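The values are calculated or read from the model by the stated rules, or taken from the named source; none is laboratory data. All values derive from a computational prediction rather than experimental measurement. Glycine gets a Cβ as well: all are built from the backbone with ideal geometry, and neighbour counts include every protein chain shown. Remember, those area values only see protein heavy atoms, side chains included, never the ligands or the DNA or RNA. Shrake-Rupley method; radii C 1.70, N 1.55, O 1.52, S 1.80 Å.
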Amino acid sequence: MIIDQEISQRIDALRTHLPTEQALLLPLLHEMQAKAGWISREAMAEAAQFLKIPLARVVEVATFYTMYNKAPIGKKHLQICTNVTCFLRGSDHLLACLEKRLGIHCGETTADGQYTLSEVECLAACGTAPVMQVNDDYHENLDESSLEGLMNRLDQELKNG
Amino acid sequence: MAEKLLTRYNDTPGSHTLNFYRSVNGYQALEKALGMTADAVIDEVKKSNLRGRGGAGFPTGMKWSFMPKAPVDANGVAKPKYLVCNADEGEPGTFKDRLLLTQHPHMLIEGMIIAGHAIGASRGYIYVRGEFVRETQRLEAAVAEARAAGYLGSQVMGRPWSFDICVYRGAGAYICGEETALLNSLEGKRGEPRLKPPFPAQVGAFGMPTCVNNVETFCAVPTIITDGAAKFAAIGTERSGGTRLFCVSGHIEKPGVYELPINITLRDLIAHCGGVRGGRKLKAVIPGGASAPMLSAEEIDVAMDFDSLAKAGTMAGSGGVIVIDETACIVEVAARLLKFYEHESCGQCSQCREGSHWLARMFQRIEEGGGTDADLDMIAGICSNMAGQTICAFADAVTGPALSSVRKFRAEFEAHVRQGCCPLKPADYVPSAHIKHHASARL
Ligand SMILES: Cc1cc2nc3c(=O)[nH]c(=O)nc-3n(C[C@H](O)[C@H](O)[C@H](O)COP(=O)(O)O)c2cc1C
Ligand code: FES
């Protein structure tokens with residue numbers, strides 16, 4: 001079970017603003033993913049039961065939106081933008097650096113489960129391209145050396161738990 | 001340069017707090033607007049010539065006036081009206097709403113409350129793209145401050161009018177920027193655009209009459225009310241007033257958000273941002289976000305307002321100006337954009353789903369040297385089956401970069417076909433693996 005009392009209370013608080021149970025689905029999936037890291041089929045069933053809506057409704061929604069992870073991901077989710085401005089300012093090279101450093105391809109997770117590397121579409125930070133989102137935070141104006149510094153810091157964070 | 005109306009206090013520490021906002025006359029426009037009738041507020045916004053900053057450039061005052069005055073359901077019971085702020089900012093090359101949300105959330109909230117008064121709404125939603133986690137937190141804090149100060153709630157500023165705002169996070173889907181897809185998403189559904197009519201003003205969020213505007217559009221409202229429509233309208237053109245937040249990115253010396261008169265020329269805008277990076281030669285500009293047809297270097301003596309850019313065969317769109325210099329390969333740039341559209345098509349309409357897929361594959365094949373002359377002609381054919389043939393304007397957007405790149409840079413495409421490779425790449429070039437794989441952990 002992922003939905004605990006805290007999540008349940010936060011969802012309840014939204015009921016004053018959102019007139020249908022279905023409308024609570026996106027916020028609920030965000031909450032569940034924040035706790036569990038990803039949205040499994042079991043998690044979808046739990047959400048359906050909690051909101052008393054058909055499972056198919058949950059599955060079709062969870063699979064529509066890219067931010068809901070449908071497979072387990074690493075502790076640090078590296079999401080590098082490869083859209084046009086980031087591309088013009090060198091994101092492909094940064095992606096290649098990350099693939100080399102982590103020994104994985106884009107779309108994969110390291111064997112130790114620490115990092116997942118994904119490419120994402122424009123993050124609306126093109127003025128400070130290239131940009132990478134790591135979990136909830138943006139890292140902007142990246143170049144090879146600042147990326148290396150960032151990765152060293154993330155390694156350290158993971159080591160310290 | 002003209003006065004800044006929205007971003008005067010950029011980078012001022014604490015500009016996002018209620019205290020700061022009040023210290024610079026924040027919420028005085030609301031006080032003034034609440035002393036006016038709803039119609040008078042709409043009139044003022046009409047007179048300002050404010051046009052929507054989300055992409056389509058629709059006159060804001062007119063949109064507000066389309067909202068039914070006293071809608072009732074089949075049983076004669078009054079229906080609530082809703083106001084929605086589109087903060088989904090996803091058009092590649094656009095990053096102004098993020099700045100406004102981060103630095104001036106109270107300006108947005110004040111603009112929304114004034115709009116809520118004008119259309120008689122009982123509730124507002126701010127739909128923020130899911131990636132904006134920190135921006136959402138800041139916005140929620142600002143909404144809480146505004147509520148505690150009595151600007152939101154059951155009696156807005158002590159008056160007999162209840163209006164509150166709910167911040168709602170998306171979950172990663174460009175199409176949710178399209179207003180009817182946004183409404184479906186807000187209802188907890190797949191973000192698939194709806195067939196129009198009915199328009200949101202009749203059947204919007206949760207079946208109720210709804211008005212959708214962009215973040216920047218709402219942020220322009222307080223200054224229009226405080227300083228008067230005339231001052232706003234005096235900037236810009238006769239049909240399009242005010243300043244606009246231009247997002248300038250790519251091969252430009254000083255990328256960033258620049259608030260300038262909406263009719264500045266593209267040439268002046270580029271110069272204002274320090275010119276092309278490293279003094280290189282300009283090749284092309286995408287003037288209004290990824291969906292806007294490209295302009296060549298010879299076409300930049302054009303004013304940036306909606307009508308002038310439309311006349312030049314492109315669009316002002318979202319205000320995202322992407323500068324491309326001589327070192328870039330146009331085929332590769334277009335291929336990158338089409339890969340984006342292929343990924344983001346919601347899949348409802350076959351023309352769009354299949355067309356964006358074919359175009360993405362074709363452009364990539366041409367870039368890699370496997371294209372033929374027939375491909376170049378087929379592109380126009382595919383596009384003519386997409387634009388105007390689908391539920392929403394996404395398919396039209398796809399054709400923007402596809403058609404303009406081939407039309408204006410045909411020689412570059414032909415060189416790829418003739419040489420069997422990208423002329424701008426070294427002979428031993430291997431395209432990065434991610435393009436081949438289209439990999440994503442989330443699929
Ligand atoms: C594919 C597509 C994507 C869009 N994305 C956005 C967006 O991210 N933000 C936005 O404000 N408008 C976006 N729009 C335009 C909206 O549909 C709508 O016109 C706008 O939010 C209305 O606000 P405005 O009148 O203040 O411009 C998009 C439209 C289309 C067709
Ligand atoms: S293109 Fe990367 S943030 Fe916009």
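Points to keep in mind about this one:
- Sum of side-chain charges, B:THR210 neighbourhood, beta-carbon under 12 Å (Lys, Arg +1; Asp, Glu -1): +3
- In the B-A interface, the accessible area buried, summed over both sides, Å² (probe 1.4 Å): 4900
- Lysines whose Cα lies under 17 Å from that of B:LYS196, excluding same-chain neighbours fewer than 8 positions away: B:LYS63
- A:ILE3 long-range amide H proximity, modeled H, under 5 Å: none
- Stokes-Einstein translational diffusion, the range B:125-238 - Kirkwood Rh over all Cα pairs, 1.002 mPa s, 20 °C, in µm²/s: 133
- FRET efficiency for the B:ARG353 to A:ASP4 pair, using the beta carbon distance and R₀ = 51 Å, is estimated at 0.85.
- Burial ranking of peptide ranges B:8-20, B:399-411, A:64-76 (average Cβ count within 10 Å, highest at the top): B:399-411, A:64-76, B:8-20
- Contact residues in the range A:75-97 by the 30 Å² criterion (accessible area, 1.4 Å probe, full protein complex versus chain alone): A:ASN83, A:VAL84, A:THR85, A:PHE87, A:LEU88, A:ARG89, A:ASP92.
- Charged-residue dipole, Cβ positions (Lys, Arg, Asp, Glu), chain B about Cα centre, Debye nearest 20: 620
- Peptide B:334-343 has a mean of 3 when you count, residue by residue, the C-beta atoms of other protein chains within 10 Å of its C-beta.
- Looking at the range A:76-160 alone, DSSP beta bridges between its own residues are antiparallel in about 55 percent of cases.
- For A:VAL131, net neighbour charge (Lys/Arg +1, Asp/Glu -1) across residues whose Cβ lies under 13 Å away: -4
- Averaging the sequence gap over all C-alpha pairs within less than 8 Å and six or more residues apart, then dividing by the number of residues, gives the range A:5-64 a relative contact order of 28 percent.
- Accessible area per residue in Å² at 1.4 Å probe, computed on chain B: 36
- Greater than 23 Å apart at Cα, pairs in B:LYS4/B:LYS231; A:LYS35/B:LYS339; B:LYS254/B:LYS339; B:LYS254/B:LYS311; A:LYS35/A:LYS159; B:LYS4/B:LYS254: A:LYS35/B:LYS339; B:LYS254/B:LYS339; B:LYS254/B:LYS311
- Accessible surface, the range A:5-64, averaged per residue in Å² (probe 1.4 Å): 49
- Residues A:SER145 and B:MET62, FRET efficiency given R0 of 51 Å [Cβ-Cβ distance, rounded to 0.05]: 0.50
- Simple spin-label estimate for B:THR265 and B:GLN419 in nanometres, 7 Å along Cα-Cβ: 3.3
- Relative to the longest principal axis of the Cα atoms of chain A, the long axis of helix A:144-159 lies at roughly 50 degrees.
- For a label point 7 Å along the Cα-to-beta-carbon line of B:ALA141, residues of the range B:1-22 with backbone N under 18 Å: B:10-22
- Within the protein assembly as shown, antiparallel bridges make up roughly 50 percent of the DSSP beta bridges whose residues both belong there.
- Burial annotation for the range B:121-163: residues with an accessible-area loss of at least 30 Å² between the isolated chain and the complete set of protein chains, computed on heavy atoms with a 1.4 Å probe, are B:ARG123, B:ARG129, B:GLU131, B:VAL133, B:ARG134.
- Between the range B:354-391 and the range B:5-75, the C-alpha centres lie 42 angstrom from each other.
- Per-residue mean of C-beta atoms belonging to partner chains within 10 Å, peptide A:103-109: 4
- Prolate/oblate/rounded label for the range B:1-153 (Cα gyration tensor, a/c 1.5): rounded
- Within the range B:184-295: Cβ-based charge dipole about Cα centre, in debye rounded to nearest 20 (Lys, Arg +1; Asp, Glu -1): 480
- Of the residues B:GLY57, A:HIS17, B:LEU99, the one whose Cα sits farthest towards the positive end of the charge dipole of the protein assembly as shown is A:HIS17 (charges of +1 on Lys and Arg Cβ, -1 on Asp and Glu Cβ, taken about the Cα centre).
- Under a model in which nothing but the beta-carbon of Lys, Arg (+1) and Asp, Glu (-1) is charged, the protein assembly as shown shows a dipole of about 900 debye around its Cα centre.
- Relative contact order for the range A:29-95, counting Cα pairs under 8 Å that sit 6 or more residues apart, in percent: 30
- Across chain B, the relative contact order, built from alpha-carbon pairs under 8 Å that are at least six residues apart, equals 15 percent.
- Solvent exposure of the range A:76-160 as accessible area per residue, Å², 1.4 Å probe: 38
- Percent of beta bridges antiparallel (DSSP, chain B, rounded to nearest 5): 50
- Among A:84-95, A:10-21, the order from most to least packed when residues are scored by Cβ within 10 Å on average: A:84-95, A:10-21
- The residues neighbouring B:VAL72, those whose beta-carbon lies less than 14 Å from its own, together hold a net charge of +2 under the Lys/Arg +1, Asp/Glu -1 convention.
- Pairwise alpha-carbon distances in the range B:1-46 exceed 18 Å for 47% of all pairs.
- For residues of A:55-65, the mean tally of beta carbons on other chains within 10 Å: 4
- Considering only the Cα atoms of chain B, their convex hull presents on average a projected area of 21.6 nm².
- What a 1.4 Å probe finds exposed on the protein assembly as shown is 52% carbon and sulfur by accessible area, rounded to a whole percent.
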